[in-house]
Structures are given as C-alpha cells and as structure tokens.
Amino acid sequence: MQKLNLQEEIKRVKRPFLVSGPCSAESEEQVFTTVQQLAENTSVNLLRFGIWKPRTRPNSFEGLGDIALPWAVEAGKKVKLPISVEVANKQHVESALKAGVDVLWIGARTTVNPFAIQEIADTLKGVNIPVMIKNPINPDLELWIGAFERLENAGITDLTAIHRGFSYYKHTKYRNLPNWEIPIHLKERLPKIPIICDPSHITGKSELLLEVAQKAMDLNFDGLMIEAHCNPSQAWSDARQQVTPFQLAELLAELNTRNSTINADFEGKFIEMREKISVLDDRLFDILATRMRLSDEIGDFKREHSITILQQEHWNKIIDRRLAQTDEYQLTPKFIRRFMDEIHQESIRHQLKVMNPKIDTEFSNED
Ligand code: PEP
Ligand code: MN
C-alpha cells in the first residue's frame with residue numbers, strides 16, 4: 001500500500017473521518033470478525049487496535065502485545081484499510097514499524113509524560129509515518145501542544161489530534177470531562193492540525209456516544225474515533241463503551257454531520273445576522289467600559305472615605321436579584337453566576353488599582 005498521508009486523507013473524505021476498531025485486539029477471530037463487519041457496514045476510514053494497553057490498575061488485561069500485531073496488519077490488508085495502534089515507548093514503536101502499521105497514536109496517559117513523548121519522537125527520527133496525539137489526561141493545553149512540538153522537532157509533520165476528555169476526581173455523567181474549550185483552543189493555536197473526537201473514552205458508556213459525537217460534529221471536528229467490538233459485552237477492556245459495528249452504523253445514520261461552510265445562496269442572510277450580533281457586541285463592550293469607568297470613580301470615593309472595596313451584603317443582593325431573573329432573560333443560572341462574577345472581579349481589579357496605585361494588586365490565580 002502507498003504511504004498514507006493522514007492529514008490529506010482527512011481533508012479528502014466526507015466528514016466525519018471515521019477511526020474504529022476494538023479497544024484491544026483479543027484474538028485473531030475477534031480482530032477479523034470485527035474488521036469485516038466494520039468494513040461491510042460502516043464508512044470506516046482507519047482501523048484502530050489496542051495492542052499494548054495502559055491500564056489504571058495492575059492485574060487488568062494489559063494487551064496481548066507483539067503476537068496480536070500480525071492479525072491487525074492482515075485484517076487491514078484483507079479489507080484494504082490502513083491500521084493504527086497505540087504506542088507508548090521505543091519498543092512499541094519499533095514493533096509497530098516492523099509489522100507495517102500505517103498510523104501510530106499516542107494515548108492520553110503517555111501525552112502527560114514528556115520523557116515518554118521524547119523517547120517516541122527520538123525513535124521516529126527519519127521515519128515517515130502519521131501520528132495521532134490524544135490529549136493528556138489532565139486538562140493542560142500546553143502539555144498537549146508540547147507533544148506536537150516534540151514530534152515536529154523530530155521531523156514528524158503528519159500529525160493529528162484526538163480529543164478524548166480529561167480525568168476528574170468525582171463521579172460524573174461521563175467517564176472523562178469533555179472540556180470542549182480545550183480542543184477549541186488547540187484549533188486556535190494549531191490551525192493546521194486536524195482534530196478527531198473520541199466519544200468512547202469521553203463517555204465510557206455506549207448509550208451516550210451519540211450525544212457526544214453529535215456535539216463534535218456541531219463543533220466542526222474533522223473526525224470521530226469510536227471503539228467497536230464484535231461482541232462488546234465480552235470485551236476484555238472497556239466493555240461498557242464499545243458497540244458492535246452494526247450499532248456503530250446505526251449511530252452514524254442518526255448523526256447530523258452538517259457542513260463546515262455555508263451554501264452561497266444563503267450567505268447574504270447569514271452575513272446580515274452576524275452583523276446584527278456584532279453591533280450588539282459593540283454595545284455590550286461600550287456598556288462594560290462605561291461600567292468599569294464607574295468602578296474607577298467608586299474606587300476613588302471608597303479611598304477618600306476609607307471603606308473596603310468588598311461590601312458583601314450589597315454584592316449578595318446584586319447576585320440574588322440577577323439570579324431571580326433567569327426566566328425573564330432566558331439565561332441559565334450558571335451563566336448569570338459566571339458572568340456576574342467576572343464583571344465583579346474586573347470591577348474589583350479596577351478599584352484595587354485606583355486605591356493602591358503603587359502595589360501589584362492582581363488577586364486572581366487564573367492569570
Ligand atoms: C484507547 O484508545 O483504548 C485508550 C487507551 O485511550 P486513552 O489513551 O484515551 O485512555
Ligand atoms: Mn479503550
């Protein structure tokens with residue numbers, strides 16, 4: 001097979017570019033049956049197989065290792081589809097390259113570790129192979145970008161991102177929190193890198209895959225990675241989140257992929273609506289600037305009369321009043337709370353500056 005250029009392939013196919021296959025390769029039969037069913041029933045573009053599995057606790061199934069590689073390679077050849085496997089160290093990379101794997105991916109537990117990423121990058125020097133990089137398990141955009149930089153520095157340029165959600169201490173609806181703003185920021189920072197969403201590892205539950213896959217499509221993600229298994233309930237890893245290739249086909253049929261650009265016939269109306277929004281945003285910013293000038297005046301007044309900036313009772317009243325208006329304004333309490341908190345903090349920053357012109361008054365630890 002000719003060397004695959006993954007970035008170009010993702011651009012060429014109709015959204016979503018689909019990566020699918022079992023969480024883990026478990027037996028020759030499981031690999032072949034799953035792949036055959038995927039190829040016959042879905043629009044899969046790239047197959048995936050877990051050969052070495054990073055498991056949270058010891059004594060779970062940690063993948064079959066090298067003996068499973070030829071099954072994956074042969075299954076891919078049989079249905080004429082490229083294959084991808086997860087690599088976490090030098091030995092994995094060497095085995096995968098030797099076996100003839102088309103695409104490598106780096107898992108979330110590896111992206112967190114710059115030593116491991118550097119080891120993979122060093123092993124790949126001089127090799128022409130596409131690599132997909134999952135986000136690190138912790139919500140750290142810089143660490144994710146760092147992994148791209150390490151591979152780029154090693155000469156690997158055909159890179160793709162996979163968003164698989166972020167670990168969280170408490171039990172939530174999803175296995176991992178999507179934190180959608182992080183992949184959106186990644187797109188801002190690395191606009192040329194295609195981005196694929198992995199609803200399987202975000203949700204951890206097969207019945208929630210569709211809602212996350214739909215959100216990814218609405219946010220214009222380029223593709224999806226969804227785990228599929230010929231017999232999910234018997235899977236040796238991630239049984240709760242895997243679907244059969246037939247269920248995957250149903251999910252894809254329900255998915256509204258939408259277009260990333262607008263049809264020229266409707267463009268005029270679209271621009272008009274965007275302009276109206278822009279005018280409103282201008283007004284919002286004018287109002288915010290006027291409000292902050294008043295904060296400066298109040299800061300002056302408080303300094304002259306030597307009173308504290310924070311007047312808790314007054315602030316509680318303001319917040320309560322706004323929270324009571326959720327229905328009237330059709331705004332969620334969460335948004336009102338956040339919006340008012342941001343305004344309040346900016347106002348405090350203004351007042352701190354007016355009251356203490358000589359000292360650094362930054363108080364938020366988010367900046
Ligand atoms: C996987 O894709 O099976 C996997 C281990 O994923 P992650 O690295 O996202 O946990
Ligand atoms: Mn998995």
Just name the residue that is nearest to the chain's Cα centre (by Cα) out of those in region 131-140 that are within 12 Å of residue 110 (Cβ to Cβ) and in a loop (DSSP other than H, G, I, E, B). 135
Got a sec? Which of 44, 19, 31 is assigned to a helix (DSSP H, G or I) and either within 16 Å of ligand 1 (Cβ to nearest atom) or touching a helix residue (DSSP H, G or I) at 6+ places or on another chain (Cβ under 6 Å) (or both)? 31
Options 253, 249; residue that is closer than 30 Å to residue 214 by Cβ, modelled with pLDDT of 95 or more, small (Gly, Ala, Ser) and exposed (fewer than 10 other Cβ atoms within 10 Å of the Cβ): 253
When you go through (1) more than 22 Å from residue 255 (Cα to Cα); (2) at pLDDT 95 or above one by one for residue 168, which number turns out not to apply? (2)
I need every pair where a residue in region 99-128 that is of a type in the set (Lys, Arg) has its Cβ under 7 Å from the Cβ of a residue that is within 16 Å of ligand 2 (Cβ to nearest atom), sequence separation at least 6 or different chains. 109/54; 109/137
Given the structure, is residue 163 at pLDDT below 95 and either within 16 Å of ligand 2 (Cβ to nearest atom) or over 19 Å from the mean Cα position of the chain (by Cα) (or both)? no
Restricting to region 112-138, give me the number of residues that are more than 15 Å from ligand 2 (Cβ to nearest atom) and buried (at least 24 other Cβ atoms within 10 Å of the Cβ). 6
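Residue 143 - would you say it is hydrophobic (A, V, I, L, M, F, W, C), within 22 Å of the chain's Cα centre (by Cα) and in the same structural domain as residue 39 (by TED's automatic domain parsing)?
Considered against the rule, which asks whether it is hydrophobic (A, V, I, L, M, F, W, C), within 22 Å of the chain's Cα centre (by Cα) and in the same structural domain as residue 39 (by TED's automatic domain parsing), residue 143 comes out as yes.
The values are calculated or read from the model by the stated rules, or taken from the named source; none is laboratory data. Nothing here was measured: the structure is a model prediction, and the numbers come from that model. For neighbour counting, all protein chains shown are included, and Cβ atoms are generated from backbone atoms with ideal geometry for every residue, glycine included.
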